[in-house]
Amino acid sequence: MRSTTILEMKDIDKSFGPNRILHSVNFSLDVGQVHALLGANGAGKSTLVKIISGVYALDAGRVFIGGEAVSITSPIAAKNLGISIIHQELSLVPEMTVAENIYLGKERSLGASGLFFARSKAISEAKKLMQQYGISLDPGKKIRDLSIGHQQVVEILKALSDQSRILIMDEPTATLTAGETHQLFAVIRHLKSLGIGIIYISHRLDEIQEICDYVTIMKDGRVTAKGDIADFSSERIIECMVGRQVGHYFPESDRRAKETVLELKDIRKGDVLSGVSLEIRKGEIVGIFGLLGAGQTELTKVMFGAESCDSGEIFLHGSKVDINSPAKAKKLGLALVTENRKDEGLVLELGSASNMALASMGKLARYGIKRDGEIKRMGDSYVQSLNIKLNSLSEPVRNLSGGNQQKVILGKWLYTDPEVILLNEPTRGIDIGARSEIYHLLSRLADKDKGILVASSDADEILGLCDRILVLFRGRVVVEFSRNTATEELLMEYASGAKDNKAVKEVAR
Ligand code: ADP
Ligand code: MG
């Protein structure tokens with residue numbers, strides 16, 4: 001073992017009932033390392049970190065911390081060994097202040113019997129703590145007044161106040177804006193420089209390549225690869241995750257867009273959309289890049305008739321249309337795939353085939369008594385063409401992974417045979433194997449002359465997937481790029497308002 005190793009796990013086995021989840025997993029973390037733990041949904045990442053953080057007991061194997069054999073029998077034992085986990089769902093008390101949250105349950109460390117007697121002590125200790133870790137937040141502010149990004153920083157401070165040497169982050173940026181992600185990365189870099197080891201679970205390849213030094217990849221409970229992040233291309237990471245050659249992560253495109261199918265003119269809505277004009281042509285994927293809250297969600301909803309706008313016009317094949325409801329949008333040949341799979345896309349208790357049938361009941365009515373047979377045929381065909389992993393067509397979609405749920409939604413809309421497909425954050429929270437499959441599917445649809453619009457705050461996704469890219473800033477399209485002229489820096493500059501945005505056009509067709 002190297003002297004810089006802080007955590008070493010050897011031959012870890014774990015089963016739940018009859019199911020073997022981890023098979024002889026080896027994992028080691030160095031001092032000051034940001035270590036990406038990757039794998040498709042169900043690979044065993046969370047199970048492994050729950051063993052490290054004392055939530056699950058291991059069946060076999062050994063764990064060493066700083067070279068000494070340890071047994072991590074409970075979350076408290078883990079804390080005492082300097083291990084903290086920051087879960088995706090934050091566990092702060094919204095009505096309490098930053099300082100109170102950090103020292104909640106640790107009143108005795110402040111020399112007081114109750115937190116409320118130690119308020120000022122908590123504030124001064126929190127200030128010291130923040131100074132030590134280069135973080136500036138107001139310790140007297142209530143959690144509910146902080147952004148999600150800052151709340152995450154408070155979670156980290158909470159862990160640091162326990163003198164943690166090992167920090168586990170499970171999808172820390174899933175709900176953060178780009179700006180908040182940058183702040184989080186600055187904190188992570190500082191922790192790294194102090195020698196804290198960080199285990200970083202994420203599905204975002206661009207972020208992993210930016211912030212991580214080392215990677216361990218799992219598939220079906222086994223480690224399939226590990227090494228310096230510099231030695232791993234996106235393609236290689238995915239291959240190790242899915243266990244087969246996948247070709248390119250992003251699809252290639254040599255498409256030429258054809259005539260305009262949908263056109264928006266000067267769409268306005270409150271202070272969210274301030275005059276959006278754009279076109280979607282046949283046979284292209286148009287990207288709308290914007291930071292969270294730039295208006296892309298409202299824009300796609302207005303286009304689909306799910307929300308009304310104050311003014312503006314929409315043209316389909318050159319004729320003005322009034323899209324005043326989703327039913328109307330559907331009739332006109334539009335589909336909307338939303339980011340919010342649970343609330344807007346799926347009926348969780350129903351099976352995949354029934355969910356996919358939902359948007360096409362009119363069409364299915366034609367089948368009369370043969371309807372069930374047609375639903376099954378349709379379900380089977382999309383399960384195959386979209387590579388959806390499930391036990392049966394009637395298994396409730398609640399049981400499927402996020403990536404497979406998103407594919408069911410795609411199947412549902414494809415069955416309506418739309419001409420224009422709108423997608424809002426289509427791959428958020430989806431593992432990178434399934435992401436790549438969705439990108440390739442969208443590309444094939446564009447090759448077949450569908451018009452596709454993808455709204456996303458993931459620059460990597462927009463750059464890799466789209467033929468034409470519009471940047472939305474405060475409800476306005478401020479710039480347009482072709483596939484070849486956009487870079488991540490340019491997108492960020494425009495999306496954050498850093499560039500002068502007076503109707504700049506950098507179109508290179
Ligand atoms: P990941 O975090 O990589 O998505 P998990 O570690 O959550 O994967 O899950 C790995 C496998 O273990 C999955 O098949 C999951 O269903 C199973 N599993 C996880 N936790 C439990 C549990 N408490 N009981 C039974 N099975 C579980
Ligand atoms: Mg997990």
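The values are calculated or read from the model by the stated rules, or taken from the named source; none is laboratory data. The model shown is predicted, which means the values in this text are computed figures rather than measured ones. So basically every Cβ, Gly included, is an ideal-geometry build from the backbone, and we count neighbours across all protein chains shown.
General observations
- Checking each residue in region 368-392 for being over 20 Å from residue 437 (Cα atoms) and in contact (Cβ under 8 Å) with a residue 40 or more places away in the chain picks out only 392.
- Scanning region 2-45 for residues that are more than 15 Å from ligand 1 (Cβ to nearest atom), assigned to a strand (DSSP E or B) and either polar (S, T, N, Q) or at pLDDT below 95 (or both) gives 5, 24, 26, 28.
- In region 164-199, residue farthest from residue 52 (Cα to Cα) [restricted to those that are within 16 Å of ligand 2 (Cβ to nearest atom) and in contact with a helix residue (DSSP H, G or I) (Cβ under 7 Å, 6 or more places away or on another chain)]: 175
- Filtered residues of region 310-366 (kept if under 29 Å from residue 259 (Cβ atoms), in contact with a helix residue (DSSP H, G or I) (Cβ under 8 Å, 6 or more places away or on another chain) and assigned to a loop (DSSP other than H, G, I, E, B)): 322, 323, 338
- Residue count, region 206-232 (criterion: more than 16 Å from ligand 1 (Cβ to nearest atom) and either buried (at least 18 other Cβ atoms within 10 Å of the Cβ) or outside any helix (DSSP H, G or I) (or both)): 8
- Failed item, numbered, when residue 138 is tested on (1) out of contact with any strand residue (DSSP E or B) (no Cβ under 7 Å at 6 or more places or on another chain); (2) assigned to a loop (DSSP other than H, G, I, E, B); (3) more than 16 Å from ligand 2 (Cβ to nearest atom); (4) closer than 23 Å to residue 33 by Cβ: (4)
- When 37, 29 are screened for being among the aliphatic types (A, V, I, L, M), under 22 Å from residue 190 (Cα atoms), within 16 Å of ligand 2 (Cβ to nearest atom) and surrounded by 16 or more Cβ atoms within 10 Å (Cβ to Cβ), only 37 passes.
- Residue among 302, 383 that alone is in a helix (DSSP H, G or I), in contact with a Cys (Cβ under 6 Å, 6 or more places away or on another chain) and either at pLDDT 90 or above or surrounded by fewer than 13 Cβ atoms within 10 Å (Cβ to Cβ) (or both): 302
- Pairs where the first residue, in region 410-436, is farther than 22 Å from residue 257 by Cα and of a type in the set (S, T, N, Q) and the second is within 16 Å of ligand 2 (Cβ to nearest atom) and in a loop (DSSP other than H, G, I, E, B), C-beta under 9 Å, 6+ apart: 427/203
- On the stretch given as region 57-75, residues that are surrounded by 20 or more Cβ atoms within 10 Å (Cβ to Cβ) and aromatic (Phe, Trp, Tyr) total 0.
- Within region 46-81, the set of residues being of a type in the set (A, V, I, L, M) and in a helix (DSSP H, G or I) comprises 48, 49, 51, 52, 76, 77, 78.
- Residue in region 405-414 that is outside any helix (DSSP H, G or I), under 22 Å from residue 334 (Cβ atoms) and either among the charged types (D, E, K, R) or in contact with a Lys or Arg (Cβ under 7 Å, 6 or more places away or on another chain) (or both) present: no
- Residue 462 vs. criteria under 21 Å from residue 279 (Cβ atoms), touching a residue at least 12 places away in the same chain (Cβ under 8 Å), of a type in the set (Val, Ile, Thr) and outside any loop (DSSP other than H, G, I, E, B): yes
- Among the numbered conditions (1) of a type outside the set (A, V, I, L, M, F, W, C); (2) surrounded by 18 or more Cβ atoms within 10 Å (Cβ to Cβ); (3) away from ligand 2 (no atom under 16 Å from the Cβ); (4) more than 27 Å from the chain's Cα centre (by Cα), the only one that residue 54 does not meet is (4).
- Residue among 76, 86 that is touching a strand residue (DSSP E or B) at 6+ places or on another chain (Cβ under 9 Å) and away from ligand 1 (no atom under 12 Å from the Cβ): 86
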